Amino acid sequence: MRRMIRGLMTTATAVVGLLGGTALAGEGNLWFYAWNNTIPLEVVQEFGERHGTALVVDTFMVADEAEARLAAGRTGYDLAVVPVEMLPRLVSIDALRKFDPEERAQLNGSHPRLMEKLSEAVPMASDYAVPFLWGTTGVMVDIDDVRERVPESTLNSWDLVFKPEYAEALSDCGISIVDAVQEVVAVALNYLGRDPNSMAEEDLDAAFDLLAGIMPYVRTIDGSQQEQVLQNEACVALTWSSDALAPQSLLGRDEIRYFVPQEGTVLWADVLVWPNESGHFEHSHMLLKYLNEPGVLAKISQFSLALTDIPTTHEAMQSLDLEVLEQIAPKHLRDQLFMLTPRTGEEKRILDRRWRRMQLGL
């Protein structure tokens, strides 16, 4: 779900991971499967120095890639990160192992409101997942370009993206939408006052009609929103908070902003899971505990620009730019955040088919 481009950063996997192919765990190595650009090199090196076991990080760029690989089995991964809504499909094919309830209870729960949303959306998460990183799906803007074209009042609303008159006004500087059908349809449904997770035909018709109305003014639907905004190829992007905050936080590009629309949006969660064929049980538990240490989570939060399950008041978080992190899920809007409920394979195919047909103008 969260594909982080961020070529402006050096990835850990360039040094310690594999590029493509199925992992084959070697003796003495511990294998971790995660989104690209989420685990800083210092975290990988520190684990090896502390425990005397090399940590190898293999990465994926697209959620479907991770699901396919874990579903296929024989990965050799000892621990993995996946979007939480993927859990039921992986559990249904026996691809994941349950966590020990007592061990799991010691690793999370610092954000009770976020945990409540997670448990409501994916009840089995309490057995098969440990919360790891949180973020939102919102709007990335080049504030100067946008202010020249539309009213200031649009800069806290989905109107900026979904009203055809504003989309038309912005078309010359560029609108980009992330290629994530379930999330985009969910925010469209929520904007229309409907259940964001509905699969009812009349609701999907309404959502795709709304999207079709702005398609003439959308320049791209892909996964490169950050790059496009940085290169002045887009001034508005519907994208993930982790991508959108990087230019401001890491490059000092204050004209590039991220906001969560007042109508609400998707709260996404990436969770740690235990692949069923993992063989290094003692070491994978050691890695699980290490990744949930406050100091380690703080480093991951700073690198990935995502929320973690430690409160911002913790001493480990005080070195971070908390103002940037607050933009991910502003406290005054947290009641308007919602999580995606899992889709069956057939429901996923229906959404994918309609998404592609819309892009083709059919």
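A few points about this structure:
- Equivalent ellipsoid dimensions for the chain as semi-axes, Å, which come from the Cα gyration tensor, largest first: 33, 23, 19
- Of the solvent-accessible surface of the chain, computed with a 1.4 Å probe over protein heavy atoms with every protein chain present, carbon and sulfur atoms account for 48 percent.
- Karplus-derived HN-Hα couplings along the stretch 192-203 (A = 6.51, B = -1.76, C = 1.60, θ = phi - 60°), whole Hz, x at Gly and Pro: 7, x, 10, 4, x, 9, 5, 10, 4, 4, 5, 6
- Relative intensity, log₁₀ I(q)/I(0), of the stretch 216-353 from a Debye sum that treats every alpha carbon as a point, q = 0.09 Å⁻¹: -0.38
- Each Cα pair under 8 Å and six or more residues apart adds its sequence gap; the mean of these over the residue count of the chain is a relative contact order of 25 percent.
- Of the listed residues Ile214, Ile350, the order by accessible area with a 1.4 Å probe, largest first, is Ile350, Ile214.
- Considering only Val260, Phe303, Leu245, the residue lying farthest towards the positive end of the dipole of the stretch 198-313 is Phe303, judged by Cα position with unit charges set on Cβ.
- For the chain, the longest principal axis of the C-alpha atoms and the axis of helix 41-51 are separated by about 20°.
- Nearest-ten-degree value, helix 181-191 long axis tilted from longest Cα axis of the chain: 50
- Point-charge dipole on Cβ atoms (K/R +1, D/E -1) for the stretch 129-248, about Cα centre, debye to 20: 240
- MRE, 222 nm, helices only [DSSP H, n ≥ 4, -39500 (n - 2.57), over the chain, to nearest 500]: -11000 deg cm²/dmol
- Taking Cα centre as origin and charging only the Cβ of basic (Lys, Arg, +1) and acidic (Asp, Glu, -1) residues, the dipole magnitude of the chain rounds to 460 debye.
- Pairs of Lys residues in the chain that lie 8 or more places apart, or on two chains, and have C-alpha atoms under 23 angstrom apart add up to 6.
- Seen against the Cα atoms of the chain and their longest principal axis, helix 281-291 is set at about 50 degrees.
- The stretch 97-244 - convex hull of the alpha-carbon atoms, volume per residue in Å³: 139
- Summed over the residues of the chain and divided among them, the accessible surface reaches 40 Å² per residue at a probe radius of 1.4 Å.
The values are calculated or read from the model by the stated rules, or taken from the named source; none is laboratory data. Fair warning: this is a prediction, and the values are worked out from it, not measured in the lab. Because the Cβ atoms are built from the backbone with ideal geometry, glycine has one as well, and the counts that use them run over all protein chains shown. When the accessible area is computed, the model is the full protein with side chains, heavy atoms only, and any ligands, DNA or RNA have been set aside. Shrake-Rupley method; radii C 1.70, N 1.55, O 1.52, S 1.80 Å.
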